[in-house]
Amino acid sequence: MATEERRMILEHIDQPGYDNSIDCYIKHGGYEVLKKAILRKPEELCQEVVNSQLRGRGGAGFSAGMKWGFLDRKSGKPVYLICNADESEPGTFKDRQIIYKDPHQLIEGMMITAYATQTKLAFIYIRGEMYDGARILEHAVEEARAKGFIGENICGSSYSCDIIIYRGAGAYICGEETGLIESLEGKRPYPRIKPPYFPAILGLYQSPTVVNNVETLCHVKFIAEMGGAEFAKIGTPNNTGTRVWCVSGDVQKPGYYEFPCGAITLGQLIYEVCGGLNPGRTLKAVIPGGSSAKVLRAGERYQGKLKDGTEFDWTLDDIPLDFDSVSACGSMSGSGAVIVMDDSRDMVQVLGNINSFYAHESCGQCTPCREGSLWMKKITARMADGDAREQDADLLLSIAKQIEGRTICAFGEACAWPTMSFVSKFKEEFSEKAAQQKSTQHPLV
């Protein structure tokens, strides 16, 4: 496997002299794909996305073409498009690179998507903390509108569509599509029950709605340009296209890197692309898809079968970076956020930090999540502060298992899986905390 990047979405980002203006974007061929796409039949473009096998880059990895195909076109209601730019998963920082440095690429991808799905109004829901990002997008939308790429009669055609920028208030739960929709409607962002509230049927304003991630929508431009079948040749079957990976933690060159899906392994990403660990350190664990993904421990072997029946026997370093391979190893590639931890890390403290985040971000709608996330935070905080008890590891697992699968949205799994995996993979560290605490206690006199 080669470790040379194949930059498609990041092609111009960070290039000397490249800026986020529309003139610079057009100079580099921007909006040419939209001009051609608007001359095609919308259903042709939808089929190209199906043929591409593009999977969503926001976390779940669901088929983008299939999601579009679920749109309820018989209702007579307007169709809406929402770009989910609420990038809040800890360790994830790829979408903001696009927003800050190449916003017109996103806008072009959105307008092609809007035309393909016959949307007349689109929204970009951006994370509240990205104030500069919202300002950049608002300016980019005005530039595109002035050039005829947004608004009435796009590119001289009879098709019209506008884009509205909407800032969230910094809530992680708004990354969940139905919570986002509730927030966009001006309500408390409580996720909706599915069924019946699938966005493609009953989404924004109870109308059919497409919700896609920033990186996903950018890929639509390339699919329209090269064709779905050609796009599907990039990467591996069912794991097509390129993927932007955000690497943070204990590596010498953290950053964002773009590779075809499955083109490199986790070990190649860490040691060849990111320069390896800090001097004198050894790899301890990796979270491969953002903080909600289950942790993978170094030194273990991962064995099983892939979806196509291929048997595998991998070390942590051998795991190919694609959706199916990481999933087969018991975790997920999620938002593409790879968090690397070396042997200097205290796993109880790491889990305590993650639990603190999820306890703070729970929307509170579901009792198991609202109460359970807080209890897990309290227990890991107490353990990290030197008051660990022998039963804590089992208690944490018990609480996490009572959250998993018992909530309206996937936040329940997001907060439960870190605890389940950290305690299972590193139970000796949790037991050692209790033993250390017991040895330092003075007997009662």
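Could you tell me the relative contact order of the chain? Use alpha-carbon pairs under 8 Å, at least six residues apart, and round to a whole percent.
Normalised by residue count, the contact order of the chain is 16 percent.
What accessible area, in Å² to the nearest ten, does a 1.4 Å probe give for E413?
So the heavy atoms of E413 present about 30 Å² to solvent.
At a probe radius of 1.4 Å, what is the per-residue accessible area of S344, in Å² to the nearest 10?
Solvent-accessible area, nearest 10 Å²: 60 Å².
To the nearest 10 degrees, how steep is helix 347-361 against the longest Cα principal axis of the chain, on a 0 to 90 scale?
Once rounded, one gets 50 degrees.
Expressed as a fraction of 2.2 N^0.38 Å, the rule-of-thumb size for a compact globular protein of N residues, what is the C-alpha radius of gyration of the range 347-436?
0.99
So for W417, W68, what's the accessible-area order with a 1.4 Å probe, most first?
W417, W68
Compute, for Y18, the solvent-accessible surface of its heavy atoms (probe 1.4 Å) with the complete set of protein chains present, and express it in square angstrom to the nearest 10.
Solvent-accessible area, nearest 10 Å²: 30 Å².
Could you please state, rounded to a whole Å, how far the C-alpha centre of the range 370-418 is from the C-alpha centre of the range 143-183?
The distance from the Cα centre of the range 370-418 to that of the range 143-183 comes to 38 Å.
Using a 1.4 angstrom probe on the protein heavy atoms only, could you order H219, H360 from most to least accessible area?
Result of the area sort, largest leading: H360, H219.
Among P237, G255, Q303, pick out the residue whose Cα is farthest towards the positive end of the charge dipole of the range 237-310, where Lys and Arg carry +1 and Asp and Glu carry -1 on C-beta, about the Cα centre.
Toward the positive end, the furthest listed residue is Q303.
Looking only at the chain, where both bridge partners belong to it, what percent of the DSSP beta bridges are antiparallel (to the nearest 5)?
Approximately 50 percent, going by the DSSP bridge assignments.
What label, among (i) 22.6, 64; (ii) 22.7, 89; (iii) 25.1, 86, belongs to Rg and Dmax of the Cα atoms in Å computed from the structure on display?
Recomputing Rg and Dmax of the Cα atoms in Å here picks out (ii).
So what is the calculated 222 nm ellipticity per residue for the chain, using -39500 (n - 2.57) for each DSSP H run with n of 4 or more, over all residues, to the nearest 500 deg cm²/dmol?
The helix contribution divided over the chain gives -11500 deg cm²/dmol.
What percentage of the solvent-accessible surface of the chain, computed with a 1.4 Å probe over protein heavy atoms, is contributed by carbon and sulfur atoms?
Roughly 51 percent of what the probe reaches on the chain is carbon or sulfur.
In debye, nearest 20: dipole of the range 195-351 around its Cα centre with unit charges on the Cβ of K, R (+) and D, E (-)?
Roughly 280 debye for the range 195-351.
State in Å² the accessible area per residue of the range 1-150; use a 1.4 Å probe, count heavy atoms of protein chains only, and round to the nearest integer.
Ligands and nucleic acids excluded, the figure is 43 Å² per residue.
Please compute the Kirkwood hydrodynamic radius over the range 239-347, one decimal place, Å, based on all pairs of different Cα atoms.
Across the range 239-347, the inverse of the average 1/r is 13.8 Å.
Using a 1.4 Å probe and counting only protein heavy atoms, arrange K378, K233, K67 so the residue with the most accessible area comes first.
Ranked from most to least accessible, the order is K233, K378, K67.
The values are calculated or read from the model by the stated rules, or taken from the named source; none is laboratory data. In this text, all values refer to a predicted model and were calculated from it rather than measured experimentally. Heads up, the Cβs are rebuilt from the backbone with ideal geometry, glycines too, and the neighbour counts pull from every protein chain shown. Just so you know, the surface numbers come from the protein's heavy atoms only, side chains and all, with ligands and any DNA or RNA stripped out. Shrake-Rupley method; radii C 1.70, N 1.55, O 1.52, S 1.80 Å.
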